[in-house]
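Data block below; observations after.
Here, each number is a calculation from the coordinates, and none is a lab measurement. Please read all numbers here as calculations on a predicted model, not as lab measurements. Cβ coordinates were reconstructed from backbone atoms using ideal geometry, including for glycine residues, and neighbour counts include every protein chain displayed.
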Amino acid sequence: MPYTYERIIHFADTDAAGVVYFPNYLSICHEAYEEALIAAGIKARSFFSERELMIPVSKSSADYLRPLYCGDRVRVTVKPTSLTENSYAIDYDLTRLGTQEKLAATVRTAHVCISTTTRERSPLPADLLAWIHAG
C-alpha cells in the first residue's frame, strides 16, 4: 500500500517567481521517502549510516504539471517498486490539496544498493525489501 506524506510548501522551497524551485521537488520527495521508511519501522539513522551498504539514487526524473506556491498544502504519495535484486524505483505523486485536489508533479527515483567498501552491487537488505514489497 502506498505511503502518503503531507506538508506545507515553505517560503524556502520557492524561487524568485514564488513557485517551488524545481530541484526542491526532489527534496520534498526525499522527505516523504524518509518518513515512509520510518513508518515501516526502518530506523533512518542506521539505514543511512550504520550499514556496510549504500543505496544512492542512480536516476531521477520529474514532470511538473502545475505550480506549487508558498502556503500550499501537498500530499506526496510514495510507491516503491522492485526492479532487480539490488535496485528499486520509487514513484511519487505530489498533489496540491484544497477545494480541488490537483496533481502538481510526478517524480521517479531509481536506487541501487552497493557495498561501501567495493562499490559493487549488493542484494537489497531484508527490511528494505519488505518495505518495497509492502508498497
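At a glance:
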| read-out | value |
| --- | --- |
| ARG108-ILE38 pseudo-label distance in nm [points 7 Å out on the Cα-to-Cβ vector] | 2.8 |
| Length released on extending from SER115 to ILE8, taking residue separation times 0.36 nm less the Cα-Cα span | 34.9 nm |
| Value of Rg/Rh across the range 3-134 [Cα atoms, Kirkwood radius] | 1.01 |
| Helix-derived mean residue ellipticity, 222 nm - over the chain, DSSP H n ≥ 4, -39500 (n - 2.57), to 500 | -7500 deg cm²/dmol |
| Length-normalised contact order for the range 3-134 - Cα pairs under 8 Å, 6+ apart - percent | 28 |
